[in-house]
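The values are calculated or read from the model by the stated rules, or taken from the named source; none is laboratory data. Bear in mind that the values here come from a model prediction, so they are computed numbers and not experimental data. Here the Cβ positions follow ideal geometry from the backbone for every residue, glycine too, while neighbour counts run over all protein chains shown. Surface accessibility is based on the protein's heavy atoms, side chains included, excluding ligands, DNA and RNA. Shrake-Rupley method; radii C 1.70, N 1.55, O 1.52, S 1.80 Å.
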Amino acid sequence: MTAAVVRTGLLRELIEAVGEAHVLVDPDLTASYETDWTGRFSGAARCVVRPADTAQVVAVVRACAAAGQPLVTQGGNTGLVGGGVPAGGEVVLSLRRLSTLGPVDLRSGQVTAGAGVPLAQLQKHVRAAGMDFGVDLAARDSATVGGLVATNAGGIRVLRYGSMRSQLLGAEAVLADGSVISRLGGLLKDGTGYDLVSLLAGSEGTLGVLTALRLRVVPRLPAGCVALLAMQSTQAAVDLLPVLRERLPHLAAAELFYESGLALVRKHAGLPAPFSEPVPVYLLLECLDRTDPTDDLLAVVAEADGLIDARVASDAASQRALWAYREAHTESINAEGVPVKLDVSVPVADLPGLVDALPVAVAEVAHEARTILFGHVNEGNVHVNVLDAVAEHEQVTEVVLRAVAALGGSISSEHGVGRAKANWLHLTRSEPEIAAMRAVKLALDPRGLLNPGVLFA
Ligand code: MLT
Ligand code: ZN
């Protein structure tokens, strides 16, 4: 059989599976699925397939398996590590049409969502039922629930509710051979063998295609207060954590950023300076509760060591204005140029040392580079964004990830490993661990058809 006949055969089967309108081959239509959000990772797709339900996903996976055709699964394409875009020649399996939302079950405190439901839509749906969802992050309008589970995404509420895996009570997934595993019953106690649902969380599409998720909901806390603290040092911000833990049980976010990032946010988002003078460190705190937490937050701020200045916002508009300084970082950095993006975490006590060391280490391998740091202080999670260093991306990645590994940290805190960091997985996962992970991959996807090149180099 010639290559042309194989191609025609597969395309015909994909069209039969999802309908002609949902098999995209025109480059104008496939382009937005072929390049990641940062613009750094890109590859030509053989085609983009947009199934509407699990049965159609099964048909697509079976057709690809029969043809030996690799697949890349994609949600909202907000990934930052090249894990959801083709490297070249894969079929892109876009799950955005799997957008069904089930009723919020108030008795169990659970909801079932299709993999393609954007986070903001899930939040709106859950809030309409008087509850809330425990994960939130800046890409909420596009990032899909399936992608968030596949990468075990974190975001701004991890200190309160944990990451995406902590919200996950069940899943439905299509495996590489087209078989379906479905555990959407939401059982809170189930001691029957391997936890396949948890294994799929963070597997980055390498073990199966997540099609639906059973998720925990949390109480809605309508009264909020946000403070932006100008701090003398990262150490002062870290030293405040025990005080926050003890005195602010309603703390919902603790975010860190610096003057270098703020300057880009001001330039590209057009925001005014938050304080009269630039300061070494900005710490944003948010409390959420049933009753107004402003007095408690004010009391902590008033006594905080290492504080230079502070702004506290209780009304919704002022809170959003303070959050904008933090949330506009990603877009503003991208507006400035294509960054080398690394997302790392270290034991929180080591965060100040890492923050001081990284710009120096990066400058040694990329002389023109600008290193912008921001992140989630409670988890020791810093987003390392290096501008003007795409040519030196290998060296920059190497020095940053080695510094993190030396501190016992993680080379990927919440964005996943993707293609971007696959070569460095060995820095923070041992040989036996990687061998065990490869054995799982081999058992579930023996021909390596699902997201090849992701997670394992
Ligand atoms: C964030 O915390 O804003 C996200 O992880 C996105 C990013 O790192 O750019
Ligand atoms: Zn983050």
At most 11 other Cβ within 10 Å, DSSP loop - chymotrypsin sites (Phe, Trp or Tyr not before Pro), segment 1-87: none
Estimated [θ] at 222 nm from DSSP helical runs (n ≥ 4, -39500 (n - 2.57)) normalised by residues in the chain, nearest 500: -10500 deg cm²/dmol
Whole-Å semi-axes of segment 300-457's equivalent ellipsoid (Cα gyration tensor): 32, 19, 17
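Over every pair of different alpha-carbon atoms in segment 336-381, take the mean of 1/r and invert it; report that Kirkwood radius in Å. Don't skip to the answer; put the middle values down first.
Numbers: mean 1/r = 0.0865 Å⁻¹.
Here the Kirkwood hydrodynamic radius works out to 11.6 Å.
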Cβ charges +1 (Lys, Arg) and -1 (Asp, Glu), total dipole of the chain, debye: 1380
Dipole moment magnitude, nearest 20 debye, segment 151-220 about Cα centre, only Lys, Arg, Asp, Glu C-beta charged: 500
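Give the percent of DSSP beta bridges with both residues in the chain that are antiparallel, rounded to the nearest 5. All intermediate terms of the calculation are to be shown ahead of the outcome.
Working: 61 of 69 bridges.
Beta bridges within the chain, antiparallel portion: roughly 90 percent.
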Antiparallel content of DSSP bridges confined to segment 34-186, in %, to 5: 55
Residue (of PRO51, ALA436, SER166) at the positive-pole extreme of the chain, dipole from beta-carbon charges: PRO51
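Once you sort the root eigenvalues of the Cα gyration tensor of segment 6-69 as a ≥ b ≥ c, which label holds: rounded (a/c under 1.5), prolate (a/b larger than b/c) or oblate (the other case)? Each step should come with its number before you reach the end.
On the way: a/c = 1.84, a/b = 1.71, b/c = 1.08.
The shape class here is prolate.
Multiply the residue gap between GLU394 and LEU196 by 0.36 nm, knock off their C-alpha separation, and tell me the result in nm, one decimal place. Could you put the intermediate results ahead of the total?
Details: separation 198, 0.36 × 198 = 71.28 nm, distance 3.42 nm.
Working it through step by step, the gained length comes to 67.9 nm.
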Residue-normalised accessible area of the chain, given per residue in Å² at a 1.4 Å probe: 41
Per residue Cα convex hull volume in Å³ - calculated over the chain: 151
Hz values of 3J(HN,Hα) by residue in segment 123-136 - Karplus curve (6.51, -1.76, 1.60), Gly and Pro given as x: 4, 4, 4, 5, 5, 4, 8, x, 10, 8, 10, x, 10, 9
Phi to ³J(HN,Hα) by Karplus 6.51 cos²θ - 1.76 cosθ + 1.60 over segment 205-211, Hz, x for Gly, Pro: x, 8, 10, x, 9, 5, 10
Heavy atoms of CYS225: accessible area, 1.4 Å probe, square angstrom to 10: 0
Selection of trypsin sites (Lys or Arg not before Pro), segment 62-142, meeting DSSP coil and at most 12 other Cβ within 10 Å: ARG107
Angle in degrees between helix 3-18 and the longest Cα principal axis of the chain, rounded to the nearest 10: 70
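Could you tell me what percent of the accessible area of the chain is made up of carbon and sulfur, with a 1.4 Å probe and every protein chain present? Display every interim value, and only then the final one.
Details: 10070 of 18850 Å².
Of all accessible area on the chain, carbon and sulfur atoms account for 53 percent.
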Cα long-axis angle, helix 316-327 against the chain (0 to 90 degrees, to the nearest 10): 70
Helix 351-365 axis, angle to the chain major axis (alpha carbon atoms, nearest 10°): 70
